[in-house]
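Enquirer: Input: one structure, supplied below.
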Amino acid sequence: MQSHIYEPVIGLEVHIQLLTQSKAFCGDDISFGAEANSQTSTISLAHPGTLPRANKKQVELAIRLGIALGCEITSTTYFDRKHYFYADLPKGFQTTQDSRPICMGGTIEVGEGTSRREIRIHHIHMEEDAGKSIHDQSSEGSLIDYNRAGVPLLELVTEPDLRSSEEVYQFINKLRQLVRYLDVSDGNMEEGSLRADCNVSIRPKGSSELNTRCEIKNINSARFAARAVDFEIRRQSEILEKGGTIIQETREYSPGDDRTVPLRGKEEAHDYRYFPEPDLPPLSISDEMLRKVKSSLPILPAQWHNKFTTEFGLSIYDADLLVEHREIAQSFDTLLQKSPDIQPSLLSKLYINKIIPHCNESGISIGEFEVPGQHIVSFLELIETDKISTSVAYQKLWPALLETKEHPQLLAQKLNLIQSFDEDYIAESVKLVLIENPAKVEAYKKGKKALLSFFIGQVMRKTNGKANPQITRKILQSELNSSTD
Amino acid sequence: MIQVSGKNYRCLDDIQKGLKGGDLTSVQLVQAYLREVKANTHLNAYVEVYENEAMTAARDLDERIHTSSAKLGPLFGAVLSVKDVIAQENHHLTAGSRILEGYTSIYTATAVQRLLDADAIIIGRVNCDEFAMGSDNRTSVYGPVRNGEHQEHVPGGSSGGSAVSVQVNTCLASIGSDTGGSVRQPASFCGLIGFKPSYGRISRHGLIAYGSSFDQIGVIGKKLDDVTKIYEVMKGVDDYDATLIDPLMVEDRPIRKKLAYLKDAVEHPSLQPEIRETFLKKVKSLQARDIEVQPVDFELIDYLIPAYYVLTSAEASSNLSRYDGLRYGRRSPHATTLLESYSKTRTEGFGLEVKRRILLGTFVLSVGYYDAYFAKAQKVRRLIKAQISRVLAEYDGLLLPTTPRTAWKLGAEMSPVQIYLSDVFSVLANLVGFPAISLPMGKDVENLPFGIQLISGTFQEHLLFVYSKLILDDEDSVVETI
């Protein structure tokens with residue numbers, strides 16, 4: 001098999017469920033997990049004579065995401081009807097946008113360094129979700145839950161610009177991060193707040209043709225999307241290798257056996273008979289509204305990332321982790337602004353190794369973290385001024401600080417953790433360690449110099465970590481070397 | 001007009017005076033109407049009579065009339081019928097269709113709620129063409145309605161039951177809907193006043209949709225004053241209909257004492273000669289009363305029907321998609337799969353004319369035909385609107401006959417296209433969204449009535465009412481005084 005000669009061409013359609021209070025065209029509640037059909041009304045059930053009304057929040061959130069992605073916001077946008085019959089579609093059409101989507105263009109960057117690429121967004125449009133058919137709960141037939149019918153969505157459609165599963169993975173994660181930053185969506189993929197359809201085709205490397213594609217529908221994880229794309233590339237390559245042809249079809253990814261399979265009951269070619277929704281007048285997006293939304297945008301992950309790496313000199317890896325959530329980036333930056341003497345890399349290590357994991361484990365947000373900022377600052381000062389070693393600080397002082405929330409300086413004294421620079425005190429412990437480990441001393445003298453760190457560790461243990469490591473090392477070396485004579 | 005204890009009550013004003021003065025009680029009034037309902041069941045105007053409910057409302061109203069502190073709504077004493085396409089909570093609603101057999105509405109249309117809040121009494125639900133698609137009330141699942149004064153003739157449609165219920169005095173007025181003339185044409189066929197307000201004037205919330213960008217609730221009555229009073233109560237913004245226009249945004253304009261009439265309509269080959277003669281006489285009499293009335297050209301006249309039927313059928317095919325028997329209404333008992341359930345429910349539930357329009361609408365929206373039909377018809381609609389707007393920027397109103405001919409016989413064999421063409425003068429107001437009124441104008445050799453229609457600029461209903469008074473030959477009314 002020579003699949004390496006093929007290059008994949010991938011386009012995504014991502015459905016984003018919006019953080020509104022109510023449905024797209026009526027006042028029904030949309031919170032997750034409610035009892036089946038408890039969040040419905042005459043409008044969402046399409047009773048005779050009911051009419052839609054546009055949810056302003058949906059429009060605002062669409063503009064918010066559009067501006068953040070550098071899209072052009074359509075000044076007069078309108079809804080269209082998309083017709084098909086299905087049991088979970090109450091009106092017999094979906095209210096969506098076809099000819100005049102609210103956002104056009106825009107980009108998302110994937111990759112780092114030389115492999116950094118801009119993925120173009122074709123458009124973002126507003127639409128409503130359908131209900132949910134449940135086929136396995138009743139022997140008499142299928143059940144339908146209309147709670148989801150009419151829930152507001154955005155659909156983001158990319159150009160076929162993605163070239164690998166890794167890029168797909170990054171794209172979805174970046175988008176998810178962004179919608180969370182913007183409070184546009186909770187981005188919860190497990191609950192279906194973000195769902196991706198991947199359109200995959202392959203072509204000989206270097207070619208610019210677009211070949212027959214397959215669409216893998218409704219993937220609810222970035223990892224699964226990447227895997228589905230990988231499988232699809234392999235599957236299509238194998239078909240072409242054997243001289244076969246790709247059939248255009250809709251497939252679904254099955255995570256259990258890590259493969260894509262054709263969707264059962266293959267749909268016929270639909271004619272959706274789109275036409276402008278006559279019950280909703282066109283929406284004019286005023287400059288004032290654009291200005292308002294623009295001024296309400298938070299600092300975006302890319303902006304934080306840029307600041308953290310260039311201004312604070314953090315590594316890309318650290319910056320990636322810190323900008324993952326808006327609240328973390330914000331709190332990190334605030335703390336640094338307040339204490340310009342702190343080394344950013346020290347604070348970043350503390351965030352990444354201690355604070356963020358602690359918050360995740362206790363299920364609290366960074367804003368709810370119990371240790372006050374000034375304590376964090378003085379904790380780091382103890383390390384920076386060598387009053388306490390990094391390892392002691394992390395292993396001993398930090399847990400105590402979390403527990404007592406006392407001032408780190410006082411706490412370190414109380415726990416007797418302040419480093420000792422007293423050479424006599426350290427030399428005493430060194431002597432004891434050497435006496436207790438004659439065999440190791442012998443081995444060292446025979447050339448096993450790596451044992452030095454073992455001796456340092458033993459001294460640390462004896463002194464409860466208080467011995468200054470540099471002084472300990474110096475004394476140990478002189479003791480061990482002198483006794484060779 | 002309704003007679004109670006030997007006294008005639010010609011209009012709402014008479015009734016309200018009677019009720020307040022103690023000559024009349026609401027109970028007597030409703031009983032009198034109910035007698036007329038029973039005497040006219042052979043006309044098939046009513047689908048359901050709310051006898052007990054109307055009597056209860058009447059007793060309640062009588063009590064309040066005699067309580068000095070009680071506030072009475074502006075429509076107290078108005079007993080109305082409502083077309084079977086407008087929702088009222090806990091009342092059946094079927095749009096004259098088998099597909100909604102047994103359906104009970106779980107909410108009330110905004111317009112109906114406002115009528116009830118204004119102390120109107122609703123006496124029953126009246127027959128109409130299935131989903132308001134038809135021009136002679138012959139497509140209803142309940143069978144045809146007969147014209148009250150010419151029982152071998154149709155009453156017009158689709159609000160045929162509404163017109164007949166007023167014609168034979170079973171109620172003061174009726175609430176209908178008008179998508180292409182469904183209020184004005186039956187009014188014309190029955191010698192009544194039929195009024196369709198501007199698109200966006202009365203909330204469509206609770207009105208079963210046929211052509212969403214054409215539909216408007218209207219009133220059929222005998223007296224202009226009654227019609228305007230009922231309209232005033234129903235009109236105005238509503239959170240449940242996004243297409244309503246805020247009246248504050250509408251410019252008022254002065255009266256110019258200038259009307260136009262469509263020369264191409266008056267010279268149209270389909271126009272019955274008596275209607276043409278009477279119409280031209282009417283023009284002369286208005287001119288004699290110091291109103292400038294000028295003929296204007298309208299060469300797009302033969303595009304009205306094609307544009308109207310392409311667009312309304314397209315919207316109807318979409319609007320009627322919801323009737324699938326899944327959540328409400330009648331579901332075919334003969335289906336075993338979902339697809340079969342759709343096709344059988346809709347095949348058994350819809351009548352011939354509704355199916356014809358769904359198919360036509362589906363066709364004109366299909367890939368490959370959209371541009372040739374739907375998009376083209378939209379362009380024609382825009383052209384028509386631009387042309388009529390230009391006329392109405394210069395003139396206060398536009399006169400034309402309501403219909404090319406008078407009511408045909410119940411058994412008349414007519415092709416669908418022949419019937420469609422009979423709407424040629426009434427669809428204009430819906431294509432442009434402007435208010436229009438049909439007023440009784442005369443009778444033909446068979447003594448069948450016909451109407452004259454006046455269209456004014458959008459949201460200029462007040463102009464319609466001013467000129468309507470004049471046209472109705474109310475000698476006392478002069479334009480300046482209103």
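Enquirer: I'd like to know if segment B:90-98 contains one or more residues that are within 19 Å of B:Ala132 (Cα to Cα), in contact with a Leu (Cβ under 8 Å, 6 or more places away or on another chain) and not acidic (Asp, Glu).
Expert: Yes - at least one qualifying residue is present in segment B:90-98.
Enquirer: While we're looking at this one, here's another question. Quickly run through segment A:394-418 and pick out the residues that are in contact with a helix residue (DSSP H, G or I) (Cβ under 7 Å, 6 or more places away or on another chain) and within 18 Å of A:Val459 (Cβ to Cβ).
Expert: A:Leu417, A:Ile418
Enquirer: What tally of residues in segment B:342-370 results from selecting those that are among the small types (Gly, Ala, Ser), over 10 Å from B:Ser313 (Cβ atoms) and buried (at least 19 other Cβ atoms within 10 Å of the Cβ)?
Expert: Adding up the residues that qualify gives 2.
Enquirer: Okay, moving on. Enumerate the pairs (first residue in segment A:302-318 and more than 16 Å from A:Gln337 (Cβ to Cβ); second residue anywhere and acidic (Asp, Glu) and surrounded by fewer than 12 Cβ atoms within 10 Å (Cβ to Cβ)) with beta-carbon separation below 8 Å, excluding pairs fewer than 6 apart on the same chain, so at least 6 apart or on different chains.
Expert: The qualifying pairs are A:Ile316/A:Glu112.
Enquirer: Look through B:Ile86, B:Ile2, B:Ile15 and report the one residue that is closer than 25 Å to B:Cys190 by Cβ and within 14 Å of chain A (Cβ to nearest Cβ).
Expert: Of B:Ile86, B:Ile2, B:Ile15, the one residue that is closer than 25 Å to B:Cys190 by Cβ and within 14 Å of chain A (Cβ to nearest Cβ) is B:Ile86.
Enquirer: What tally of residues in segment B:351-375 results from selecting those that are at negative phi and within 13 Å of chain A (Cβ to nearest Cβ)?
Expert: Qualifying residue count for the region: 16.
Enquirer: I'd like to know if segment A:437-445 contains one or more residues that are aromatic (Phe, Trp, Tyr) and farther than 28 Å from A:Lys396 by Cα.
Expert: Checking segment A:437-445: at least one residue is aromatic (Phe, Trp, Tyr) and farther than 28 Å from A:Lys396 by Cα.
Enquirer: So which residues in segment A:75-94 are in contact with a Phe, Trp or Tyr (Cβ under 6 Å, 6 or more places away or on another chain), at the interface with chain B (Cβ under 8 Å from one of its Cβ atoms) and either assigned to a strand (DSSP E or B) or of a type in the set (A, V, I, L, M) (or both), if there are any at all?
Expert: A:Arg81, A:His83
Enquirer: Is it the case that some residue within segment A:188-209 is more than 24 Å from A:Ala228 (Cβ to Cβ) and either within 14 Å of chain B (Cβ to nearest Cβ) or modelled with pLDDT of 95 or more (or both)?
Expert: No, segment A:188-209 contains no residue that is more than 24 Å from A:Ala228 (Cβ to Cβ) and either within 14 Å of chain B (Cβ to nearest Cβ) or modelled with pLDDT of 95 or more (or both).
Enquirer: Would you pick out the residues in segment B:204-240 that are away from chain A (no Cβ under 14 Å) and not aliphatic (A, V, I, L, M)?
Expert: B:Gly218, B:Gly221, B:Lys222, B:Lys223, B:Asp225, B:Asp226, B:Thr228, B:Lys229, B:Tyr231, B:Glu232, B:Lys235, B:Gly236
Enquirer: Would you pick out the residues in segment A:98-139 that are surrounded by 15 or more Cβ atoms within 10 Å (Cβ to Cβ) and aliphatic (A, V, I, L, M)?
Expert: Correct list: A:Ile102, A:Met104, A:Ile108, A:Val110, A:Ile119, A:Ile121, A:Ile124, A:Met126, A:Ala130.
Enquirer: Looking at (1) within 26 Å of A:Asp80 (Cα to Cα); (2) away from chain A (no Cβ under 14 Å), which is the one condition that is false for B:Thr243?
Expert: (2)
Enquirer: While we're on this one: Quick check on segment A:249-256. Is at least one of its residues surrounded by 13 or more Cβ atoms within 10 Å (Cβ to Cβ), in contact (Cβ under 8 Å) with a residue 60 or more places away in the chain and closer than 29 Å to A:Leu65 by Cα?
Expert: No: zero hits.
Enquirer: Next question. Could you grab me the full set of residues in segment B:371-390 that are under 23 Å from B:Glu292 (Cβ atoms) and crowded, with 19+ Cβ neighbours inside 10 Å?
Expert: B:Ile388
Enquirer: Limited to segment B:328-339, what total is found for residues that are more than 17 Å from B:Leu100 (Cβ to Cβ), within 12 Å of chain A (Cβ to nearest Cβ) and not β-branched (Val, Ile, Thr)?
Expert: 3
Enquirer: If you take just the strands (runs of 3 or more DSSP E) that sit entirely in segment A:99-151, which of them hold at least 1 residues that are among the acidic types (Asp, Glu) and touching a residue at least 60 places away in the same chain (Cβ under 8 Å)?
Expert: Hits in segment A:99-151: A:107-110, A:117-128, A:143-145.
Enquirer: In the list A:Glu60, A:Glu72, which residue meets the criterion of being touching a helix residue (DSSP H, G or I) at 6+ places or on another chain (Cβ under 7 Å) and surrounded by fewer than 19 Cβ atoms within 10 Å (Cβ to Cβ)?
Expert: A:Glu60 is the lone residue from the list that is touching a helix residue (DSSP H, G or I) at 6+ places or on another chain (Cβ under 7 Å) and surrounded by fewer than 19 Cβ atoms within 10 Å (Cβ to Cβ).
Enquirer: Say whether the condition of being over 28 Å from A:Ile233 (Cα atoms) and either crowded, with 20+ Cβ neighbours inside 10 Å or out of contact with any Asp or Glu (no Cβ under 9 Å at 6 or more places or on another chain) (or both) is met by at least one residue in segment A:155-165.
Expert: no
Enquirer: Here's something else I'd like to know. Given the condition touching a Phe, Trp or Tyr at 6+ places or on another chain (Cβ under 7 Å), touching a residue at least 24 places away in the same chain (Cβ under 8 Å) and either more than 14 Å from every other protein chain (Cβ to nearest Cβ) or not in a strand (DSSP E or B) (or both), answer yes or no: does some residue in segment A:28-37 qualify?
Expert: yes
Enquirer: Restricting to segment B:179-210, give me the number of residues that are part of a loop (DSSP other than H, G, I, E, B) and under 20 Å from B:Lys469 (Cα atoms).
Expert: The qualifying residues number 6.
Enquirer: Taking the residues in segment B:311-327 that are surrounded by fewer than 23 Cβ atoms within 10 Å (Cβ to Cβ) and out of contact with any Leu (no Cβ under 8 Å at 6 or more places or on another chain) as candidates, determine which candidate is farthest from the other protein chains (Cβ to nearest Cβ).
Expert: Once the filter is applied, the top-ranked residue is B:Gly325.
Enquirer: Would you check if A:Ala46 is within 14 Å of chain B (Cβ to nearest Cβ), of a type in the set (A, V, I, L, M) and more than 26 Å from A:Ile285 (Cβ to Cβ)?
Expert: When the stated conditions are applied, A:Ala46 passes them.
Enquirer: State yes or no: is B:Ser343 within 9 Å of chain A (Cβ to nearest Cβ) and either under 25 Å from the mean Cα position of the chain (by Cα) or farther than 22 Å from B:Gly206 by Cα (or both)?
Expert: No; evaluated as a whole, the condition is false for this residue.
Enquirer: Just to be sure I understand, how many residues within segment B:89-125 are in a helix (DSSP H, G or I) and within 11 Å of chain A (Cβ to nearest Cβ)?
Expert: 5
Enquirer: Quick one: is A:Val261 among the aliphatic types (A, V, I, L, M) and either in contact (Cβ under 8 Å) with a residue 12 or more places away in the chain or within 30 Å of B:Tyr240 (Cα to Cα) (or both)?
Expert: Against the criterion (among the aliphatic types (A, V, I, L, M) and either in contact (Cβ under 8 Å) with a residue 12 or more places away in the chain or within 30 Å of B:Tyr240 (Cα to Cα) (or both)), A:Val261 does not qualify.
Enquirer: Moving on. Suppose the filter is within 27 Å of B:Gly200 (Cα to Cα), out of contact with any Phe, Trp or Tyr (no Cβ under 9 Å at 6 or more places or on another chain) and in contact (Cβ under 8 Å) with a residue 12 or more places away in the chain; does B:Arg114 pass it?
Expert: The answer is yes for B:Arg114.
Enquirer: What strands (runs of 3 or more DSSP E) completely inside segment B:1-81 contain at least 3 residues that are among the charged types (D, E, K, R) and surrounded by 21 or more Cβ atoms within 10 Å (Cβ to Cβ)?
Expert: Filter on segment B:1-81 gives an empty set.
Enquirer: Another one. So in segment B:187-203, with the set limited to residues that are within 14 Å of chain A (Cβ to nearest Cβ) and under 13 Å from the mean Cα position of the chain (by Cα), which one is nearest to B:Gln113 (Cα to Cα)?
Expert: B:Ile202
The values are calculated or read from the model by the stated rules, or taken from the named source; none is laboratory data. A quick note: this is a predicted structure, and the numbers were derived from the prediction, not measured. Quick reminder, even Gly has a Cβ in these numbers, built from the backbone with ideal geometry, and neighbours come from all protein chains shown.
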